[in-house]
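One structure is given here, and the rest of the page talks about it.
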Amino acid sequence: MTPIEFTDANFQQEVLQSDLPVLIDFWAVWCGPCRMIAPIVEELAGEYAGKAKIGKLDVDNNPNVAMEYGIRSIPTLLVFDKGKVVDRIVGAVPKQKILDALTPVMAG
C-alpha cells in the first residue's frame, strides 16, 4: 500500500483533524537516509491501514508544515495523536524504533 502524500494544503484535514493516529515521514528526493527508510514507511502503510494514517511529506514542496514543526534534519518522523505531536524520531532508524513510537498511540 502506498503511503499517503501529506502536503501543506491537506495537512489540517488529513493530520490535525484525523481520528486515527498519524505517522509522517518528512523527506526529500535528494536525501539518502530518507530513501533508506522509505520501504519501512511503505510496509507500515500496508500493515496499519485502517488503524493509523501513514504518509510522507516532501519538505521541499511543502515548507510551511516542515517549518511549523521545526524540521531541521531529514528524515524526521512525527507521530500525531488527536492533532498533537506525541513522538519525534530523527534519522534513519530500524522499523522496531518506529513501531515503538507508533504502537502506544494505536493502543490508546
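Read-outs throughout are calculated quantities, based only on the coordinates presented, and are distinct from any laboratory measurement. Just so it is clear, the structure is predicted and the values come from calculations on it, not from any experiment.
Counting only residues at least eight positions apart within a chain, or on another chain, the aspartates and glutamates with an alpha carbon under 16 Å from that of K97 are D25, E42, E43, E47, D87.
Write down the Kirkwood hydrodynamic radius of the chain, to one decimal in angstroms, obtained as one divided by the mean of 1/r over all alpha carbon pairs. Working shown, then result.
Details: mean 1/r = 0.0743 Å⁻¹.
Taking every pair of different Cα atoms in the chain, averaging 1/r and inverting gives 13.5 Å.
In percent, rounded to a whole number, the relative contact order of region 4-107 is 37, using alpha-carbon pairs under 8 Å and six or more apart.
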